[in-house]
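Remarks on the structure that follows.
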Amino acid sequence: MTQRNYSLAKEKIRILLLEGIQDSAVESFRKAGYSQVESVSSALPENELADRISDCHFLGIRSRTRLTASMLEKAGKLTGIGCFCIGTDQVDLAAARHQGIPVFNAPYANTRSVAELVLAETVMLMRGIPAKNAAAHRGRWQKTAKGSFEVRGKTLGIIGYGHIGSQLGILAEGLGMRVIYYDIVRKLPLGNAEPAESMNEVLENADVVSLHVPDTDATRGMIDAAEIHRMKQGAHLINASRGKVVSIPALASAIESDHLTGAAIDVFPSEPASKNEEFVSELRGCENVLLTPHIGGSTFEAQQNIALDVATKLVLYSDNGSTAGAVNFPEVTLPDHATARRIMHIHKNEPGVLQAINNVFSEAGINVAAQYLQTMPDVGYVVMDVETDDAGPVLRGLNDIPATIRTRYLR
Ligand code: NAI
């Protein structure tokens, strides 16, 4: 395990942003006094990434850059990672933690964008627009009111009543829909939404079922043939959550047999890695299914929110050590340290480490004005505000503790 000791001036801190992260992130860093910010419009090939990662202190990525354990081993100076997106699957989070690198993301910056798209899809599906649109492109004029319904008075069933699900419910009520929802956690209903006792109750009663659950062992394959069969004849299914929640073959077969009238799917069990790769799905050719390339949360406004949110978290971690919002790290929310010096110590969470840390301070005769500690089973993060102008002996002492992963010092 590498032990490092940082006390870098802001102008020496190098920040590399990949994959075309919005300019407002660059502006946030510059406004906070960081001048060495480079933004690259694409992901980097692996060999170039390995080269560049060894020399930067903060790295911003989106979903296409894979940070595996072996890639992170090359990141000798890396202090923090910002995933300028929602998911963090592209990073080996445990490996980052073991190297003392917190990873931040923006989990809720695109909530509204997803909710708006799903609402629009609900209207489109209830009017049979996807198939009519496809027919018109082929020169066929499907002018009919058959199978075309207003959403007013219809039932929207939401499975997963979190940030997106609950916001969708409010928007749908604005159009006069009845909203029912199911969540494994007891959730306060917003507006007139009605909680259901079970997922089956939602499936059996909704005209449109929309899924807004995370990717977990319990949700993977949660909507398979049996669940789809429980849905009302002629109902619609929307999935803009995670690709493995719905069995696509089962859905395709329910659409082909006319059990379901339509669907809108934004996420897939396997998605093309780039626009050059062909999108393959059993749903291709099902004209009453809206297929979108995982863009539920992809709007200008969401990108702006994400850029601001993640850049702010990275700046805060760099400036004051706060790890609030980190997905892989003990979370410490810290006050300003205007007068004191601040030492941040990341260590393997082993018995006796705290005592060893305190010994270093008492041997150096340095007073600790405040101490903040949070731990995870394998890693601990302790922050100490100290009253000294010469932290050198303490920093050396801390680095000599065998469990030390990294030490950082803020003047
Ligand atoms: P959230 O964490 O706020 O809400 C998820 C809800 O699902 C929670 O209330 C949770 O208790 C509930 N839940 C978990 N397991 C469940 C189960 N087995 N049955 C019923 N409910 C269950 O998450 P948020 O922000 O609302 O996002 C929902 C999903 O949307 C996530 O999977 C996220 O990755 C995805 N998403 C997709 C986007 C896209 O571009 N299509 C963009 C943003 C998010």
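Rule-based calculations on the coordinates, nothing more; no lab input. Because the structure is predicted, anything quoted here is derived from the model rather than measured. In this analysis, Cβ positions are derived from the backbone assuming ideal geometry, glycine residues included, and neighbour counts consider all displayed protein chains.
Overview of values
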quantity	calculated
Alpha carbon Rg of region 276-411, scaled by the compact-globule rule 2.2 N^0.38 Å	1.57
GluC sites (Glu not before Pro) within region 279-342, DSSP loop, no more than 14 other Cβ atoms inside 10 Å	Glu331
Principal axes of region 111-291: Cα extent on each, largest first, Å	48, 37, 30
Net dipole in debye of region 303-365 [+1 Lys, Arg Cβ; -1 Asp, Glu Cβ; about Cα centre; nearest 20]	60
Exposure proxy ranking, count of Cβ atoms within 10 Å, fewest first, for Leu156, Leu8	Leu8, Leu156
Debye intensity ratio I(q)/I(0), log10, region 336-411, q values 0.15 Å⁻¹ (C-alpha model)	-0.44
Charge dipole magnitude, Cβ of K and R +1, D and E -1 - the chain, Cα centre, debye nearest 20	640
Among Thr216, Thr323, Thr333, residue whose mean-square fluctuation peaks in a GNM of the chain (springs only between Cα atoms under 10 Å)	Thr216
Exposure proxy order (Cβ contacts within 10 Å, fewest to most) of Glu121, Glu19, Glu256	Glu256, Glu19, Glu121
Where N is the number of residues in region 49-181, Cα Rg divided by 2.2 N^0.38 Å	1.58
Region 284-323: mean projected area of Cα convex hull, nm²	4.2
Cα convex hull of region 216-349, projected area averaged across orientations, nm²	12.6
In region 135-184, the trypsin sites (Lys or Arg not before Pro) that fall in loop regions by DSSP, at most 16 other Cβ within 10 Å	Arg138, Arg140, Lys143, Lys146, Arg152
Cross-link pairs Lys187/Lys244; Lys154/Lys244; Lys275/Lys313; Lys12/Lys77 - those with Cα-Cα distance over 20 Å	Lys187/Lys244; Lys154/Lys244; Lys275/Lys313
Qualifying trypsin sites (Lys or Arg not before Pro) for region 259-361 [loop in DSSP, other Cβ within 10 Å: at most 14]	Lys275, Arg284
Region 299-342, Cα convex hull volume normalised per residue, Å³	73
Hydrodynamic radius (Kirkwood) for the chain, which is based on Cα pairs only, to one decimal in Å	23.8
Phi to ³J(HN,Hα) by Karplus 6.51 cos²θ - 1.76 cosθ + 1.60 over region 69-85, Hz, x for Gly, Pro	4, 6, 5, 5, 4, 7, 8, x, 9, 5, 10, x, 10, x, 8, 7, 6
